[in-house]
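Read through the structure below, which is laid out as structure tokens, and then see the notes.
The values are calculated or read from the model by the stated rules, or taken from the named source; none is laboratory data. Small disclaimer: the values here were computed from a predicted structure and weren't measured. Reconstructed Cβ throughout: ideal geometry from the backbone, glycine too, with neighbour counts over all protein chains shown. With ligands, DNA and RNA removed, areas are computed over all heavy atoms of the protein, side chains included. Shrake-Rupley method; radii C 1.70, N 1.55, O 1.52, S 1.80 Å.
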Amino acid sequence: MKKLWDREQYIASFHQMKNKDKAIPMEAYLKNMFPFLGIKSPERKEIVKEYFSAYQLPSEDVLLEEIWAIYQLPEREFQYAAITLLSKKIKTLQINDLSFIEKLIIEKSWWDSVDSIAPTIVGSIVKNNRHEGEEIMKLWSNSENMWLNRSAILHQLKYKADTNEELLEEIIGNHINSKEFFIQKSIGWLLREYAKTNPEFVKNFVSTIELKPLSKREALKHL
């Protein structure tokens, strides 16, 4: 029988794998915006696997509180650890949880955390609540926060044939003049991915909308 969830033990399992030598290049890769413990992705996955083989997930009533407490820790691995924990409960997340996820997106923001949240966790919630979820994505698209904009663009990244093309056009249209690298890149990424499902739509869209060169180049990369 598994032990009850233990946040301190979860945190300790990461600290036990701390490697200062590995931390230096990891910090440099993210422009020294965050301190690192020095635990690479395969090692993090193994830590999580071992922990949850022995411990239960936190109960529903404290899940978000536990995730937030871990997310607030300084080392970048703990933002990843919190997102991993949230993803383990992805099937239980509801539309109202998007307000909490918005906090995660705008706190300690950078592409690595946002891209771990938007296409999978946000995408799953919206897909299960299309009408209300898409209205929230429109709000995020019009936010002054660039990372919420990127999340709104990328939430359909894995939708394939379930993509709402009208919404895709609307959200991209809100940002075609953006000078932000991360916005231009996300537009191109979304279109490049959707081109695997509907290449004609993407070709037509790119030919009729004046995208930034980076977005256009990424969109047409495999066409």
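Just need a number here: residues in region 192-223 that are more than 16 Å from Lys160 (Cα to Cα), in a loop (DSSP other than H, G, I, E, B) and hydrophobic (A, V, I, L, M, F, W, C).
Matching residues across region 192-223 total 4.
Given the conditions (1) open to solvent by 10 Å² or more (accessible area, probe 1.4 Å); (2) over 21 Å from Trp189 (Cβ atoms), and given that Arg76 satisfies all but one, which numbered condition is not satisfied?
Going through the list (1) open to solvent by 10 Å² or more (accessible area, probe 1.4 Å); (2) over 21 Å from Trp189 (Cβ atoms), Arg76 breaks only (1).
Here's the yes/no breakdown for (1) within 17 Å of the chain's Cα centre (by Cα); (2) among the hydroxyl-bearing types (Ser, Thr, Tyr):
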| site | (1), (2) |
| --- | --- |
| Met137 | yes, no |
| Leu168 | no, no |
| Tyr194 | no, yes |
| Lys216 | no, no |
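Taking the condition at pLDDT 95 or above, among the polar types (S, T, N, Q) and out of contact with any Leu (no Cβ under 7 Å at 6 or more places or on another chain), does Ser207 pass?
So Ser207 passes the test.
With the structure loaded, tell me whether Tyr29 is of a type outside the set (Lys, Arg), closer than 22 Å to Arg150 by Cα and at pLDDT 95 or above or whether it fails that test.
The answer is yes for Tyr29.
Residue by residue through region 1-29, note down the ones that are in contact (Cβ under 8 Å) with a residue 24 or more places away in the chain, surrounded by 14 or more Cβ atoms within 10 Å (Cβ to Cβ) and in a loop (DSSP other than H, G, I, E, B).
Result: Trp5, Asp6, Met17.
I'd like to verify a number: residues in region 181-218 that are exposed (fewer than 14 other Cβ atoms within 10 Å of the Cβ) and under 23 Å from Val126 (Cβ atoms), how many?
2
Determine if region 96-114 includes at least one residue that is aliphatic (A, V, I, L, M), under 16 Å from Leu190 (Cα atoms), open to solvent by less than 40 Å² (accessible area, probe 1.4 Å) and touching a residue at least 12 places away in the same chain (Cβ under 8 Å).
Initial filter on region 96-114 (aliphatic (A, V, I, L, M)): 98, 101, 104-106, 114.
Filter once more, keeping what is under 16 Å from Leu190 (Cα atoms): 114.
Then drop every residue that is not open to solvent by less than 40 Å² (accessible area, probe 1.4 Å), which leaves 114.
Then keep just the ones that are touching a residue at least 12 places away in the same chain (Cβ under 8 Å); that gives 114.
Yes, the conditions are met somewhere in region 96-114.
For the structure I just gave you, tell me whether Gln156 is touching a Pro at 6+ places or on another chain (Cβ under 9 Å) and part of a helix (DSSP H, G or I). Break it down stepwise before answering.
Working: touching a Pro at 6+ places or on another chain (Cβ under 9 Å): yes; part of a helix (DSSP H, G or I): no.
Answer is no for this residue.
Looking at region 137-153, can you tell me whether even one residue there is over 18 Å from Trp111 (Cβ atoms), open to solvent by 30 Å² or more (accessible area, probe 1.4 Å) and in a loop (DSSP other than H, G, I, E, B)?
yes
If we scan region 36-44, do we find a residue that is open to solvent by 50 Å² or more (accessible area, probe 1.4 Å) and touching a residue at least 40 places away in the same chain (Cβ under 8 Å)?
There is no residue in region 36-44 that is open to solvent by 50 Å² or more (accessible area, probe 1.4 Å) and touching a residue at least 40 places away in the same chain (Cβ under 8 Å).
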